[in-house]
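The values are calculated or read from the model by the stated rules, or taken from the named source; none is laboratory data. For clarity, every value in this text was computed on a predicted model and none was experimentally measured. All Cβ positions, even for glycine, are placed from backbone atoms using ideal geometry, and neighbour counts span all protein chains on display.
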Amino acid sequence: MVYNLFSIVRENTPQFTGNCSLCGLNAEHLGFCAPCLSAVQRQGQYCQQCGNSLGKQPFGATCGQCLKKPPRYQKLIAATHYEFPVSHAISEMKFEKQLHHIRSFSNLLIEEINDHYQDKELPQAIVPIPLHSNRLRERGFNQSQLIAKHLTRKLQLPLLDHVLLRVKDTPHQIGLKAIERRKNLKRAFAVKQSMPRHIALVDDVVTTGSTIQEASKQCLKHGVERIDVWCLAKT
């Protein structure tokens, strides 16, 4: 049985009391206390296309890998690193239905989005990475869809839900190497109608990028010319 998405949020999200999403102390900004916010905010310079660390390269640069073989998407924006305590919080969100984390980390992502698009055109619509129907029944909700719903409300952008479909029931990707992930995801997605020229694909975590690469491949066949990726965490 698939849970009603809004019922899940009501049942698992505590009334806002100003408590930090991670430690429970008083929150000062975006649902985090100052120490936890400092711990989860991304530091350093990152490739403007794939989001990987640039090391000592200048701000705004593109990494060598993207210059050599660009991904199918043009920009990746992440709220934070996928490491403890973020990895623990996202695991709680996905497997223990601790969905209050969605609000806090999505608000952190919105700040990053606002910084990146100060003088640039926002995408015309938001598209969540879908779950296969079997996984949706197992979990009861699609975390990427809930994140996308939060973003659409805050950013006033259309949500294109159920346009990108997961047609292949792929096994869990955790622990798999990049080549195994790519093999699993081949022909995993389909698009059932045309899309706007510029979209944002939304996922919870981006690791090797195999999922968003395969999803982007299908979107580009259906009217999309530019894809930006928005995620809560990037490895």
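One residue stands out in region 77-126 among those that are touching an Asp or Glu at 6+ places or on another chain (Cβ under 7 Å) and β-branched (Val, Ile, Thr): the one that is nearest to residue 209 (Cα to Cα), namely 77.
Looking at region 123-235, the strands (runs of 3 or more DSSP E) lying wholly inside it that each contain 1 or more residues that are charged (D, E, K, R) sit at 164-166, 198-206, 226-234.
So which of 99, 30 is at pLDDT below 95, surrounded by 18 or more Cβ atoms within 10 Å (Cβ to Cβ) and on the phi > 0 side of the Ramachandran plot? Quick ask: steps written out before the conclusion?
Details: 99 fails: on the phi > 0 side of the Ramachandran plot.
That would be 30, the only listed residue that is at pLDDT below 95, surrounded by 18 or more Cβ atoms within 10 Å (Cβ to Cβ) and on the phi > 0 side of the Ramachandran plot.
Taking the criterion of being in contact (Cβ under 8 Å) with a residue 40 or more places away in the chain and either farther than 11 Å from residue 166 by Cβ or among the acidic types (Asp, Glu) (or both), the residues of region 123-146 that qualify are 123, 124, 125, 126, 127, 137, 139, 140, 141, 143, 145, 146. A count restricted to region 186-220 and to residues that are basic (Lys, Arg) and modelled with pLDDT of 95 or more stands at 2. Against the test of being part of a strand (DSSP E or B) and not small (Gly, Ala, Ser), the options 90, 113, 102, 77 yield a single qualifying residue, 77. Return the residues of region 66-96 that are surrounded by fewer than 21 Cβ atoms within 10 Å (Cβ to Cβ), among the hydroxyl-bearing types (Ser, Thr, Tyr) and touching a strand residue (DSSP E or B) at 6+ places or on another chain (Cβ under 6 Å); say none if nothing qualifies. Across region 66-96, the qualifying residue is only 82.
Residues to consider are 7, 38, 87, 21; find the one that is modelled with pLDDT of 90 or more, more than 17 Å from the chain's Cα centre (by Cα) and within 29 Å of residue 138 (Cα to Cα).
Working: 7 fails: modelled with pLDDT of 90 or more; 38 fails: within 29 Å of residue 138 (Cα to Cα); 87 fails: more than 17 Å from the chain's Cα centre (by Cα).
On inspection, the qualifying residue turns out to be 21.
A search for C-beta distances below 6 Å between a residue of region 186-212 that is among the charged types (D, E, K, R) and any residue that is buried (at least 17 other Cβ atoms within 10 Å of the Cβ) and in a loop (DSSP other than H, G, I, E, B), counting only pairs 6+ apart in sequence or on different chains, returns 203/129.
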